[in-house]
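Data first, discussion second: the structure below is written as structure tokens.
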Amino acid sequence: MKNNFAEKTFTDLSQIRNFCIIAHIDHGKSTLADRILGLSAVVAERDMRDQYLDNMDIERERGITIKAQNVRLPWVPRSGRHEGEEIVLQMIDTPGHVDFTYEVSRALEACEGAILLVDAAQGIEAQTLANLYLAMDKNLEIIPVLNKIDLPAADPDKYAEEIAYIIGCEPEDVLRVSGKTGEGVPALLDRVCELVPAPTTEYELDGPARALVFDSVYDTFRGVVTYIRMMDGTLRPRQKIELMASGATHEILEIGVVSPKPLPTKGLGPGEVGYIITGVKDVRETKVGDTITWANKGATEPLTGYADPNPMVYSGLFPISQGDFPALREALEKLQLNDASLTWEPETSVALGFGFRCGFLGLLHMEITRDRLEREFDLDLISTAPSVSYRVVHESGQEKHVHNPSEWPEGKNEAVFEPIVNMTVIVPSEFVGQTMELCQSKRGEMKNMDYLSEDRVELRYVMPLGEIIFDFFDMLKSRTRGYASLNYEEAGEQEADLVKVDILLQGEPVDAFSAIVHADDARYYGLKMTKKLRELIPRQQFEVPIQAAVGAKIIARENIRALRKDVLAKCYGGDVSRKRKLLEKQKAGKKRMKNIGSVEVPQEAFVAALSTDEG
């Protein structure tokens, strides 16, 4: 099948089908995308490789999709109303993890249909449900598909009924495919051509252009590459364009489609998905969700973009060498263009020097971002323990948003509010008891419980976000032998009894070790940190007390014993009063040293105590 997109100027609207693939992590999205690429012959067989659309090393190593990828494919249906016609498929492969829901929401804006992919051996998962509801909210045409039917453990009949119950279709409407062997994939593409509606436009070709920016990446040589979905009108090379949110104007140097390599074209018309290059090098000029129009006589009404993502988890990123601080700032600016959900602001720590307080959508997002900064920009970083944003009302009536324990207001607080989330957990029915016990121990409040089938249960809880971000997911997996799946979304805030725990070394607070925790967990945190620091801080010439305090109240204490010289070594026998005199003299010296000495905490101790990957 010849890939002749570059020769065409514009594609007829009725020939276009924009769709995305949504699924849970590890349900075979990338494998199915590989099979579709192979069938449409846009990638030569000798160039084909697994996870073809996943460009980053980190995606290949972990076997997960982090960044949504769009690709344009030709297809001639072999059955149905459009049999024998050439249809243009514009497919977006989306991530499956809860932290990358924002990527999925942007992909859905550029589509009219979605393939709901479910593993035939595992059934529908919590994240799949969340993405399904997002697609339904956008009124997308949903095509339910069971993947991995070639597995010995597959039970397609059982899970077809489960999907039919959830989305309100018949079990026989659920397609059965294998991304690995290719079975059923041509029929799936025919179904996409049949059911997914062609895009619509307000103005046709002659009206003012409106294009939605749904993604962008930074290329070292070419600058910012902006991915757009054309809604109305046309864009051509050498045309002047305006970004409606920022008011910036540029000239299009190159316009084209991704198939799956970039192919320059003579223009893009309504309904088409492609890219533009304007030569812009400043990463802040292109904003995801912006509308592109003509610079002269362009559209007056922008398209509805996306809500800005709210960070759920905050963590400090500090360079191990302070000389790398400017390089870290530049790296964050470039990465923010590739990842619109990342937020950051400068921060200073007494212990760690200059760095940035970054906002992430979740723990995996935080881990991936740090990994990308270290790999792609050759930086060595320390990340502090993750925290969430609290709203504190002081007794004076002043309100403050606190992302960091060092910002906690002094004195008495009237009320403290913490963020809460609506959490969905899907577990086998045999593990319901252990899961409910875990959720209650983390201050969760149960809202609902549904049996999706006779042996799978959906539990819905309202839970403080601060309780989820540390080790909740690991504990859930261990209690359910890895069978549970988890999804959560923002649900506002609630008042809570939260306190700031300070860690004192020789009576002096060390800001880097402070934490905001629930009053019931304060003692546990204090004991944990004092024990950890006792092992990490080297012994001094004098005894060092390590204390955990809430306000003026000490809740935990450990002592680092002093290094002692054996002053009795030179006493061979003799009266006991002689030995006592030498010991008293040593004791007085230690006391004097303690009053004027200061505790030196080595950098390694800070790294080990604050690191989120301590093993």
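The values are calculated or read from the model by the stated rules, or taken from the named source; none is laboratory data. In this text the structure is predicted, and so the values were computed from the model without any measurement. So basically every Cβ, Gly included, is an ideal-geometry build from the backbone, and we count neighbours across all protein chains shown.
Below is a table of values for the structure above.
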item	result
Selection from the range 517-575 of residues that are over 29 Å from Pro464 (Cα atoms) and within 33 Å of the chain's Cα centre (by Cα)	Leu536
Count - residues of the range 253-282 that are within 19 Å of Pro74 (Cα to Cα) and either within 28 Å of the chain's Cα centre (by Cα) or not in a strand (DSSP E or B) (or both)	16
From Arg210, Arg236, Arg222, Arg229, residue being among the charged types (D, E, K, R), buried (at least 18 other Cβ atoms within 10 Å of the Cβ) and out of contact with any helix residue (DSSP H, G or I) (no Cβ under 8 Å at 6 or more places or on another chain)	Arg210
Residue match in the range 503-515 (condition: closer than 26 Å to Ile25 by Cβ, surrounded by 15 or more Cβ atoms within 10 Å (Cβ to Cβ) and out of contact with any Gly (no Cβ under 9 Å at 6 or more places or on another chain))	no
Boolean, Gly574 is small (Gly, Ala, Ser) and at pLDDT 85 or above	no
Scan of the range 164-176 for residues that are hydrophobic (A, V, I, L, M, F, W, C) and modelled with pLDDT under 85, ordered by number	Ile166, Ile167, Cys169
Helices (runs of 4 or more DSSP H) (entirely within the range 370-485) containing at least 2 residues that are surrounded by 14 or more Cβ atoms within 10 Å (Cβ to Cβ) and either at pLDDT below 85 or of a type in the set (Gly, Ala, Ser) (or both)	465-468, 472-479
Long-range neighbours under 6 Å by Cβ, at least six apart or interchain, first residue at negative phi and in a loop (DSSP other than H, G, I, E, B) within the range 131-149, second modelled with pLDDT under 85 and of a type in the set (Asp, Glu)	none
Residue list for the range 330-362, filter: over 20 Å from the mean Cα position of the chain (by Cα) and either assigned to a strand (DSSP E or B) or at pLDDT 80 or above (or both)	Glu330, Pro346, Glu347, Thr348, Ser349, Gly353, Phe354, Gly355
Residue that is farthest from Leu332 (Cα to Cα), among those in the range 375-407 that are of a type in the set (D, E, K, R) and without any contact (Cβ under 8 Å) to a residue 24 or more places away in the chain	Glu395
Matching entry among Ile149, Ile143, Ile115, Ile163 (being more than 19 Å from Leu195 (Cα to Cα) and either surrounded by 19 or more Cβ atoms within 10 Å (Cβ to Cβ) or of a type in the set (Gly, Ala, Ser) (or both))	Ile149
The range 523-553 - residue that is basic (Lys, Arg) and not in a helix (DSSP H, G or I) and, of those, farthest from Asn413 (Cα to Cα)	Arg539
Among (1) buried (at least 16 other Cβ atoms within 10 Å of the Cβ); (2) modelled with pLDDT under 65 - the single one Glu61 does not satisfy	(1)
Filter pass, Ala556 being in contact with a strand residue (DSSP E or B) (Cβ under 7 Å, 6 or more places away or on another chain) and either outside any strand (DSSP E or B) or more than 29 Å from Leu364 (Cβ to Cβ) (or both)	yes
Pair list, Cβ under 8 Å, 6 or more apart: the range 433-450 residue under 9 Å from Val462 (Cα atoms), other residue of a type in the set (Lys, Arg)	Met446/Arg460; Lys447/Arg460
Whichever residue in the range 186-207 is touching a helix residue (DSSP H, G or I) at 6+ places or on another chain (Cβ under 8 Å) and farther than 19 Å from Met91 by Cβ and, among such residues, is surrounded by the most Cβ atoms within 10 Å (Cβ to Cβ)	Thr201
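Per-residue answers, yes or no, for (1) surrounded by 14 or more Cβ atoms within 10 Å (Cβ to Cβ); (2) polar (S, T, N, Q); (3) at pLDDT 85 or above:
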| residue | (1), (2), (3) |
| --- | --- |
| Ser246 | no, yes, no |
| Glu251 | no, no, yes |
| Pro260 | yes, no, no |
| Tyr275 | yes, no, yes |
| Asp282 | no, no, no |
| Ser315 | yes, yes, no |
| Phe318 | yes, no, yes |
| Ala327 | yes, no, yes |
